[in-house]
1. Among the numbered criteria (1) out of contact with any Leu (no Cβ under 7 Å at 6 or more places or on another chain); (2) surrounded by fewer than 18 Cβ atoms within 10 Å (Cβ to Cβ), which one does HIS50 miss?
2. Can you tell me which residue is least open to solvent (accessible area, probe 1.4 Å) among those in region 53-88 that are modelled with pLDDT under 50 and touching a Phe, Trp or Tyr at 6+ places or on another chain (Cβ under 8 Å)?
3. Mind counting the residues in region 1-15 that are touching a Leu at 6+ places or on another chain (Cβ under 7 Å), without any contact (Cβ under 8 Å) to a residue 40 or more places away in the chain and among the β-branched types (Val, Ile, Thr)?
Amino acid sequence: QVVNHLNNNQFQIAIDVLTQIPSAGRNARWYYLSALAHQMNGNSITAADHMQKACQMDPQNQAYMNLLFQFQNANQSYGKNTKGFPISPLIPIAAVLGYFLGKFFFGQG
C-alpha cells in the first residue's frame with residue numbers, strides 16, 4: 001500500500017499509513033519506505049534520520065547504504081549554491097527513487 005502511494009506521488013498519505021504501524025512493527029524496510037516518503041514530501045532531516053536507522057537495522061543492505069549516501073550528499077549540498085539560490089535536495093533523490101523502488105519490488109530493497 002505504501003509503495004503504491006509513493007508511486008502515485010501521494011507522499012503524505014504514504015507517511016500517514018506508515019505512522020499507523022506500531023513502533024514494535026517497524027523494521028528496516030519500514031524506515032526505508034518512511035525515508036523515501038519523507039524525502040519526497042520535503043522533510044530531508046527526518047528522511048536522513050530514518051534512512052540511517054534502516055542502515056543500522058540492516059547494515060548488509062547495500063541499497064539502504066546507497067540511499068543514505070544520496071540523502072547525506074543532498075543535505076550537505078542544500079543551500080550551498082554560490083549565487084544565493086538553494087539547491088534542492090530532491091533533485092538527486094528523485095533521480096534514484098525509481099531505482100530503489102524497483103529494488104523494493106524485486107525484494108532487494
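The values are calculated or read from the model by the stated rules, or taken from the named source; none is laboratory data. Since the structure is predicted, the reported quantities are computational estimates derived from the model, not experimental observations. FYI the Cβ positions are ideal-geometry reconstructions off the backbone, even for glycines, and counts take in every protein chain you see. These accessible areas exclude ligands, DNA and RNA; they are computed on the full protein's heavy atoms, side chains included. Shrake-Rupley method; radii C 1.70, N 1.55, O 1.52, S 1.80 Å.
1. With respect to (1) out of contact with any Leu (no Cβ under 7 Å at 6 or more places or on another chain); (2) surrounded by fewer than 18 Cβ atoms within 10 Å (Cβ to Cβ), HIS50 is out only on (2).
2. SER88
3. Final tally of qualifying residues: 1.
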